[in-house]
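Coordinate-derived values only; no laboratory data. Quick caveat, the model's predicted, so the values are computed rather than measured. In this analysis, Cβ positions are derived from the backbone assuming ideal geometry, glycine residues included, and neighbour counts consider all displayed protein chains.
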Amino acid sequence: MATTKEIKEHLEIALAEVGEIKPWFDKDFNTWIFSHPAYPVEYSGDTPKEVIKNYPKYLREFITERLNDNLSPLTEKKTKGRGGCREGAGRPIGSFKEEKIRIYVPIDVANWLKHPGAIQQVREMMHHYTT
């Protein structure tokens, strides 16, 4: 069980990390909101003053639950965040992707076009008729 002193110390650290609380207005929900990427805590209210006043209270509750080990493991799960930027990921340098367009054709024609070499046959036929 976390002590009041311990919670206060962690809250001061968290508020220093968060910095100035600057709420923004969300037109979709017609409310003022503040959150910070370092903590999974969000507060919304009718006025910016209300948000500034109450956000630390919600942050305190989160810190209390964290110190008491009452959080789900997924709440603060960290990912590697590499997002496809691994070495060798993506298309090789210098290669290109042929431009394509979606069209709708009868099923029998589509099935025929799936056969190996069918696209090349269509190109040869097009070249024959255009020259």
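If you go through segment 4-31 and keep only what is in a loop (DSSP other than H, G, I, E, B) and within 22 Å of E61 (Cα to Cα), you end up with G19, E20, I21, K22, P23. Tell me whether segment 16-25 contains one or more residues that are surrounded by 16 or more Cβ atoms within 10 Å (Cβ to Cβ), small (G, A, S) and under 27 Å from the mean Cα position of the chain (by Cα). Looking for residues that are surrounded by 16 or more Cβ atoms within 10 Å (Cβ to Cβ), small (G, A, S) and under 27 Å from the mean Cα position of the chain (by Cα), one finds none in segment 16-25, hence no. In segment 32-73, which residues are of a type in the set (S, T, Y) and part of a strand (DSSP E or B)? Hits for segment 32-73 are S35, Y39, Y43, S44.
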